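No lab work stands behind these numbers, since they all come straight from the coordinates. All of these numbers come straight from a predicted model, not from anything done at the bench. So basically every Cβ, Gly included, is an ideal-geometry build from the backbone, and we count neighbours across all protein chains shown.
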Amino acid sequence: MDQLRTQTINQLPSGAALIKRELCYTICFIFILISSIIVLNLGSSSRSLPLFRFDHFFPRKLPPPFPHTHPLRACDYSYGKWVRVDKKNPVLLYDEDCPFLDPGFRCHRNGRKDIEFLKWRWQPHGCYLPRFNASDFLERSRNGRIVFAGDSMGRNQWESLLCMLAQAVSNKSTIFEVNGSPITKHKGFLSMKFQDYNLTVEYYRTPFLAVLGRRPITTPPQVKLIVKVDQLHWRSKQWKGANVIVLNTGHWWNKEKIAKMGCYFQEGGTINMTMDVMEGFRRFIKTLVSWTTKNLNPEISHVFIRNHSPIHYMNGTWDDGGVCDAATEPEQDYKKLRPESWNNQYIANAIKEINYSKVRLLNITYLTGFRKDGHPSKYREPGTPVGAPQDCSHWCLPGIPDTWNEILYAQLLSMEFRTK
């Protein structure tokens with residue numbers, strides 16, 4: 001018996017051998033586990049396994065969110081995508097019954113049947129666009145002034161904001177034009193009073209924002225008009241003291257329009273016969289941002305310079321058969337967007353150069369570029385002659401400018417805006 005026990009003991013592995021074998025089993029198990037996790041991460045989104053992130057070791061090649069080089073900031077509302085609203089009917093901030101709309105922007109009333117273009121909302125990349133709160137905006141603006149100055153695209157945005165704010169006012173008769181003027185595009189200055197809030201929302205028609213004047217008698221006959229690139233429009237003195245100022249220009253700063261008008265640029269009292277439109281615009285934008293720093297109080301005024309609103313004429317220009325009435329939904333492929341307007345770079349550069357924290361870029365170009373479906377096109381105001389060019393520059397209301405104002409409101413919230 002003792003001999004059998006001794007033989008059995010001799011056949012058993014030593015303690016060191018046992019430890020070595022168990023260690024080997026453990027290493028094999030860990031290797032298999034890690035391999036499985038890696039395979040799972042490669043085959044699915046890293047968000048589904050938040051405890052095991054291998055993005056740094058196995059980066060995925062993602063398509064660029066937009067065809068521009070602008071870096072995304074934490075809450076850059078400018079870049080994102082249009083998301084279809086999953087509802088039978090559009091969710092509108094107002095409708096065409098708003099009394100402050102120009103007839104030319106009431107597309108449905110002018111014959112447009114589809115409403116699909118209203119069933120989209122803007123979703124920024126990486127951040128949330130706050131829902132527009134008209135009551136809050138009015139309360140924050142109490143006893144204040146909101147000014148829009150620029151071309152007719154600025155008028156589009158001004159009318160949009162009027163209708164958005166009016167939704168929070170039960171008695172619409174308390175909203176009126178201070179001079180009794182009708183809402184018409186032929187007026188160069190309109191000021192709407194929200195009586196319950198002692199607030200005015202004003203519009204100044206200044207397509208160049210600069211002084212546009214007649215030619216001096218001594219100039220060559222080809223000079224019909226002059227744009228003074230070193231002076232703002234004389235109405236600018238009325239913008240001082242406003243709490244929110246939204247400025248835009250650019251559509252009139254193009255080679256064809258300037259040439260057709262016989263327009264030349266003047267600086268320092270001298271007409272420059274060789275200055276092209278790009279150089280003229282560059283010099284004026286520097287004048288504009290300089291004016292904001294010298295004439296506005298940063299404790300009072302929040303200034304936004306809005307960049308270019310894209311046009312969508314297809315198969316021709318506005319005066320050569322261009323159309324846009326076939327578009328019924330946004331463009332889905334960012335690669336098909338038209339190149340960014342050269343005006344935008346001059347605006348962005350000028351804003352970066354100034355030390356004024358309350359001057360911001362209201363960047364609407366990229367998001368608007370997708371919306372070829374949002375123009376009045378052939379559904380123009382009553383009385384428009386048959387065969388008149390389609391309008392692929394302005395926007396139906398309700399429509400795309402509502403999103404511009406949602407972003408304006410969001411930026412004001414981020415600036416902790418409130419009148420004093």
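As a quick test, which of the pairs 193/372; 119/358; 228/336; 228/257 have an alpha carbon distance above 28 angstrom in this structure?
Listed pairs above 28 Å: 193/372; 119/358; 228/336.
From the phi of every residue in the range 238-248, what ³J(HN,Hα) in whole Hz does the Karplus formula 6.51 cos²θ - 1.76 cosθ + 1.60 yield, where θ is phi - 60° and glycine or proline is x?
Karplus values, whole Hz, x for Gly and Pro: 7, 7, 4, x, 5, 7, 10, 10, 10, 10, 8.
Bins of 5 Å, beginning at zero and ending with the bin holding the largest distance: percent of Cα pairs per bin for the range 296-420, please.
Calculated over all Cα pairs of the range 296-420, the distribution is 2, 10, 16, 18, 17, 13, 10, 7, 5, 2, 0 percent.
Sorted by packing (mean other beta-carbon atoms within 10 Å per residue), highest first, where do 206-217, 325-336 land?
Details: 206-217: 17.8, 325-336: 13.4.
Going from most to least packed, we get 206-217, 325-336.
How far apart, in nanometres, would the label points at residue 413 and residue 177 be if each is projected 7 angstrom from Cα along the Cα-to-Cβ direction?
3.3
Given the Cα-Cα distance of residue 257 and residue 86 and 0.36 nm per residue of separation, how much length would full extension add, in nm?
My answer for the length gained is 57.3 nm.
Taking θ = phi - 60°, what integer Hz values does the Karplus form 6.51 cos²θ - 1.76 cosθ + 1.60 yield along the range 150-156, in sequence order, with x for Gly and Pro?
Going residue by residue, I get x, 8, 5, 5, x, 5, 3 Hz, with x marking Gly and Pro.
With a Förster radius of 45 Å, plug the Cβ-Cβ distance of residue 270 and residue 170 into 1/(1 + (r/R0)^6) and report the FRET value to the nearest 0.05.
0.20
If packing is taken as the mean number of other Cβ atoms within 10 Å per residue, what is the order of 393-400, 113-120, highest first?
The packing order, highest mean first, is 393-400, 113-120.
Which value, in Å to one decimal place, does the Kirkwood hydrodynamic radius take for the range 79-159 when every pair of different Cα atoms is included?
15.5
For the range 83-415, report the % of Cα-Cα distances exceeding 29 Å. Intermediate values should be presented prior to the final figure.
Numbers: 21656 of 55278 pairs.
Tail of the P(r) past 29 Å holds 39 percent of the pairs.
Work the Kirkwood hydrodynamic radius out for the range 220-316: mean of 1/r over every pair of different alpha-carbon atoms, inverted, in Å.
About 15.1 Å, per the Kirkwood formula over Cα pairs.
Could you give each residue of the range 281-292 its phi-based ³J(HN,Hα) in whole Hz, using Karplus coefficients 6.51, -1.76, 1.60 with θ = phi - 60°, and x for Gly or Pro?
Running phi through 6.51 cos²θ - 1.76 cosθ + 1.60 with θ = phi - 60° gives 5, 4, 5, 5, 4, 5, 5, 5, 5, 5, 4, 5 Hz.
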